[in-house]
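No lab work stands behind these numbers, since they all come straight from the coordinates. Remember, predicted model here, so these are calculated numbers, not experimental data. Positions of Cβ are generated from backbone atoms using ideal geometry, with glycine treated the same way; all protein chains shown enter the neighbour counts.
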Amino acid sequence: MNDFDADALKRLVTVTMPFGKHKGTVIADLPGNYLNWFAREGFPPGQIGALLALMHELDHNGLSHLLRPLRGRT
C-alpha cells in the first residue's frame, strides 16, 4: 500500500478472501504461510492485494495483535 489508509485496518478484520484455498476467511485470519506465499509469488492487483500485503507486513513483524480491538467493531 502506497498511502496508508486507516480504514484498511478495519477492512482486514471484515473483508473475506474472495478466492483460493482460504475463500471466505477474513483477511486477518489467514495463515502466515499463505501470506508468505503471496509475498513470494506476487500479490493480486487491487484492494485485495493491498490488504494481503498489509496483513503480511503485520504478521511478519508480529503486529497482528494490534487488530484485536477492531474485531467486532464494524
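Values as computed for the structure displayed
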| quantity | calculated |
| --- | --- |
| Placed amide H near MET17: partners under 5 Å, 5+ positions off or other chain | GLY24, THR25, VAL26, ILE27 |
| Over the chain: helical MRE at 222 nm, DSSP H runs n ≥ 4 each giving -39500 (n - 2.57), nearest 500 | -13000 deg cm²/dmol |
| Taking all pairs of distinct alpha-carbon atoms in the chain, Kirkwood radius in angstrom | 12.3 Å |
| Separation in nanometres of the label points that stand 7 Å from Cα toward Cβ, at THR14 and ARG40 | 3.4 nm |
| HIS56, HIS65, HIS22 arranged by Cβ crowding within 10 Å, fewest neighbours leading | HIS65, HIS22, HIS56 |
| Förster-model FRET efficiency, 25 Å R0, LYS23 and ARG71, C-beta, rounded to 0.05 | 0.80 |
| Chymotrypsin sites (Phe, Trp or Tyr not before Pro) restricted to DSSP loop in the chain with at most 11 other C-beta within 10 Å | PHE4, PHE19 |
| Length-normalised contact order for the chain - Cα pairs under 8 Å, 6+ apart - percent | 34 percent |
| Loop trypsin sites (Lys or Arg not before Pro), the chain, which have at most 13 other Cβ atoms in a 10 Å radius of their Cβ (DSSP) | LYS21, LYS23, ARG73 |
